[in-house]
1. For the chain, what % of the accessible area comes from carbon and sulfur atoms, probe 1.4 Å?
2. With +1 on each Lys and Arg Cβ and -1 on each Asp and Glu Cβ, how big is the dipole of the stretch 292-403 about its Cα centre, in debye rounded to the nearest 20?
3. Relative contact order of the chain, please, whole-number percent, based on alpha carbon pairs below 8 angstrom and at least 6 residues apart.
4. Normalise the Debye intensity by I(0) for the stretch 143-280, one equal point scatterer per Cα, no solvent, then take log10 at q = 0.14 Å⁻¹ and round to two decimals.
5. If you take the C-alpha gyration tensor of the stretch 194-252, multiply each eigenvalue by 5 and take the square root, what semi-axes do you get, largest first, in whole Å?
6. I need the shape label for the stretch 251-373. Rule: rounded when a/c is under 1.5, else prolate if a/b > b/c, else oblate, with a, b, c from the alpha carbon gyration tensor.
7. Which order do you get for LEU242, LEU194 if you rank them by accessible area with a 1.4 Å probe, largest at the top?
8. Evaluate the relative contact order of the stretch 210-325 (contact order divided by residue number), counting alpha-carbon pairs under 8 angstrom at least 6 apart; express in whole percent.
Amino acid sequence: MLNIDNPAETETIPAFFRLGFRPFFLGGAIVAMLFIPLWLVTWFYPTYSLFKTDFWGAVVPLWWHPHEMLFGFALAIVCGFLLTSVQTWTGQPGMKGWALVLTFSCWLLARITLLLPMPIPLWLPAVFDSLFLGLSALKIGRCIYKVRQWHNIGFPIMLLVALGINLLSYYALATKDFSLSSQIWQAMMWWLGLLITIVGGRVIPFFTAMRIKATKPTPIAWLEKSLILVMIVLVVQAMSQLLPQPIEQGLLMAAGGLHLIRWLRWFPHKTLKEPMLWSLHVAYCFLPLTLFLLAANIDNAMAYRQLMHLFAIGTLAQICLSMISRVSLGHTSRNIYEGPNMKLAFLSLPLAAVLRAIMPIMAPEYYQLWLWLSGFFWSLAFAMFVINYASILSKPRIDGRPG
């Protein structure tokens, strides 16, 4: 751990706000744990919901659910990870103290104002969300700029793109343009897929090689560049719908094939005894699987919508859960491979993905059952993280160092 903070100064800051991963990992996990059952109860049994009919006056449920899973849950984990990692990458002090309190509070206030059981001006949560993403991007960008680490400059740029897309989503809600909303959600899915492509390509083979004591596979330049390009095109296509369906189908197939080749080079078969590794490999494997299935169902709108959840749960949520479990241990100076037993949680999300994405296609007559079962395993996975890691995230590092 780099000594880039003054220990005497850091000790005056509550442990929970000493580095970005602490509040954002726990906050994101709590949102994930609570918002899915809240969504299911409100959608299927509104009489028993905490939120009555007038709650959905301005905030339409079909907008709220994907928005909060993407910008409430996923972006909290992303920003927590980047705000923590940029300190390691650059040697510059990470966000902490009042700056972190302010940034986290903006994220939290956006979540709360969207849940208030009263009419609210939509600009209010939009401002809070924009401040959350903008402050995160500014901090990461400043750290990178100070050391001229230009190969990482894409991360703050991506956060600013996400900020713009999020504002567009609020516009879609205000104008009740749910066709635009649908395009936004898919674009953000592939935005997150692009981020996983970049970060996963760095950390998964590195973590694997270190643990199994093997030589890290040398990245294939054309493969890496092609993957990033095709994922960017999928983001643009989701927003613009410019390309004809056959070309989009070809892009999905190509992306799936490239991701599969890449994943197979990372020794996934040698990780089966270590949950902290196979959880990452299972998550990444769901990415090409989703791409292939989407290509095969390109002309079936219902199946396509269901199958996007295979990525959302199997890849995105699983890689978030695996990474926050790992990073929370490593950055509190604990042994990554001797932490809480998360095997059940890591198994629950792939099961939830299949129940949510595949079973409604195979047996649509039990649609509601599949959603409830999927929601149960989803909430179980994140509840296990909250129970096991809340005290770890709220206490100082056990080695006494800042962070």
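The values are calculated or read from the model by the stated rules, or taken from the named source; none is laboratory data. As the structure is a computational prediction, the values presented were derived from the model and not from experiment. A quick note on method: Cβ atoms are made from the backbone with ideal geometry, for glycine too, and the neighbour counts reach across all protein chains shown. Heads up: the accessible areas ignore ligands, DNA and RNA and are worked out on the full protein's heavy atoms, side chains in. Shrake-Rupley method; radii C 1.70, N 1.55, O 1.52, S 1.80 Å.
1. Numbers: 11730 of 16890 Å².
Carbon with sulfur: 69 percent of the solvent-accessible area.
2. Details: 8 positive and 4 negative charges, 93 e Å.
Around 440 debye, computed over the stretch 292-403.
3. Numbers: 517 pairs, mean separation 78.8, N = 403.
Computed over the chain, the figure is 20 percent.
4. Normalising to I(0) and taking log10 leaves -0.80.
5. Details: eigenvalues 189, 23, 13 Å².
Ellipsoid half-lengths, sorted descending, are 31, 11, 8 Å.
6. Details: a/c = 2.73, a/b = 1.52, b/c = 1.80.
Oblate.
7. Numbers: LEU242 140, LEU194 20 Å².
The ordering from most to least exposed comes out as LEU242, LEU194.
8. Numbers: 89 pairs, mean separation 30.0, N = 116.
Value for the stretch 210-325: 26 percent.
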